Structure formats: C-alpha cells, structure tokens
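Each remark here refers to the structure printed beneath this line.
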Amino acid sequence: MTMFKPMDLYKGIVLACVVLLPVSLGFLWWIDGQRTKALQAIESAERSKGELERIGETIRKLETVASNSTRGGDAESYKLYFERMITLSSPGISTNDFQFTNENASSVPNNTKAEDLTVGVSFKRVGKEFDLPRDFIHAVALNCESGGSQIWKLRSLKMRNADVIEATKGRKAPPKTVDDGKWKLEKLEFARRRPKQRGA
C-alpha cells in the first residue's frame with residue numbers, strides 16, 4: 001500500500017498510539033465502572049443487615065445445627081449434660097434429687113424444616129417434691145442455657161412459694177414477706193432446635 005511506504009518506525013509507533021488510545025481510554029472507563037460497582041457492593045455488604053451480617057447469621061445457624069446433631073442428640077448425652085449443669089448449681093443437690101422426661105419432639109410454628117426437642121426436669125427426693133431456694137432455680141436456668149454449646153434454651157418455668165401455697169389452702173391472705181428458700185418448682189422445661197427428621 002502506497003500510503004504506508006514512506007512510514008518509518010517512529011511514524012508507525014505514533015499511528016499505533018493514535019489507534020490504541022481510544023481503546024485504552026475505553027478500557028480504563030470500564031475498569032473505573034467495575035471499581036465503582038465493587039466499592040458500592042462492599043459498602044452495601046458492610047451495612048447493618050447487609051450481606052456480611054446475613055452470612056454471619058447463616059454460619060451461626062449452621063454451627064447450631066451441627067452442634068445439635070453432634071451434642072445432646074441422644075438420650076444419654078442430654079441427661080449427662082443436665083446432670084452436670086444442675087449439680088454445678090448447688091453442692092447440696094445430688095443426681096438422686098431430680099429426674100428428666102424423655103425428649104419430646106414438637107413442630108416449630110411457620111417452619112416446616114425444623115422441630116423442637118423438649119426436656120422436662122422435676123425435683124423429687126425419695127419420691128417426694130421438696131422446696132428449693134429461688135437462687136438455685138435461677139442458677140439452674142442460667143447454667144443450662146449458657147453451658148456447653150448453648151443449644152438448650154429455657155422453654156417454660158413455673159414456680160410458687162410454699163408459704164403462699166399454704167396460705168391459699170387455708171383461705172388466708174398471702175404473707176407480706178415469703179421465705180426465699182421455699183419454692184415449689186411446678187414446671188421446668190428446656191428445648192433445643194434441630195432439622196426435622198425424615199419421616200417425622
């Protein structure tokens with residue numbers, strides 16, 4: 001081609017730069033757009049209730065599911081867990097002073113993929129209920145919830161003071177002050193959540 005005959009190396013370099021300059025500018029513009037999108041995505045992810053927080057919540061839920069599957073899942077292990085937490089709450093309580101119900105499965109409202117396993121705890125000494133200090137009952141609830149993998153949560157607690165019960169039986173007005181060491185534990189239940197079992 002005659003138009004390229006007088007072109008030397010320097011002219012070729014200049015021509016190539018002129019041709020490639022719009023391409024380079026276009027590429028830089030595209031890179032800048034991608035960088036802006038990346039910064040916006042990072043800002044959105046770091047916001048409250050953003051992607052990072054949702055990912056963290058999902059990871060915690062998966063860890064809870066894994067913990068529920070590996071710890072406290074069989075009949076023996078949950079009994080050992082509660083025995084340890086209850087006896088830890090008071091040196092005066094022995095393993096002969098309380099009993100457990102079996103784990104009872106129940107459905108979770110608005111959740112078809114999970115179920116709750118509930119365990120009841122009752123306190124009887126030689127087959128008879130006995131009074132418990134209020135501080136001990138609170139310690140049991142706290143220790144059972146915070147111990148181990150923290151998979152057990154207090155589901156139900158009902159207790160009444162023995163002095164009030166006696167006054168009610170005699171149709172008398174309840175006393176102004178009650179003995180804090182005399183509480184009847186009428187209901188104590190803990191529950192843990194797990195994926196719903198197949199066929200359940």
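A compact table of results
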item: Value of relative contact order over the range 76-138, rounded to a whole percent, pairs C-alpha under 8 Å and six or more apart; result: 27 percent
item: Gained length - residue 184 relative to residue 162, 0.36 nm times residue gap less alpha-carbon distance; result: 7.3 nm
item: Under 15 Å from the residue 53 label point (7 Å along Cα→beta-carbon), backbone N, the range 28-43; result: 43
item: Apportionment of accessible area to carbon and sulfur, the range 144-188, percent (1.4 Å); result: 47 percent
item: Net charge of neighbours whose Cβ lies under 13 Å from the Cβ of residue 157, counting Lys and Arg as +1 and Asp and Glu as -1; result: +4
item: Whole-angstrom gap from the range 127-200 to the range 21-56, using each part's C-alpha centre; result: 54 Å
item: Label-point gap, in nm, between residue 114 and residue 20 - each point 7 angstrom along Cα→Cβ; result: 5.8 nm
item: Whole-number D in µm² s⁻¹ for the range 100-200, Kirkwood Cα-pair radius fed into Stokes-Einstein, 10 °C, 1.306 mPa s; result: 101 µm²/s
item: Environment charge of residue 106, counting only residues whose C-beta is closer than 9 Å and scoring Lys/Arg +1, Asp/Glu -1; result: -2
item: Span-like helix ranges in the chain, DSSP H, alpha carbon extent 15 angstrom or more, Kyte mean at least -0.5; result: 9-46, 75-89, 134-146
item: Theoretical ellipticity at 222 nm over the chain - DSSP helices of four or more residues, -39500 (n - 2.57) apiece, nearest 500; result: -16000 deg cm²/dmol
item: As computed over the chain, the Cα convex hull volume per residue (Å³); result: 274 Å³
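The values are calculated or read from the model by the stated rules, or taken from the named source; none is laboratory data. Keep in mind the model is a prediction, meaning the values are calculated, not measured. Using ideal geometry, Cβ is built from the backbone for each residue, glycine included, and neighbour counts are taken over all protein chains shown. SASA here: full protein model, heavy atoms, side chains in, ligands and nucleic acids out. Shrake-Rupley method; radii C 1.70, N 1.55, O 1.52, S 1.80 Å.
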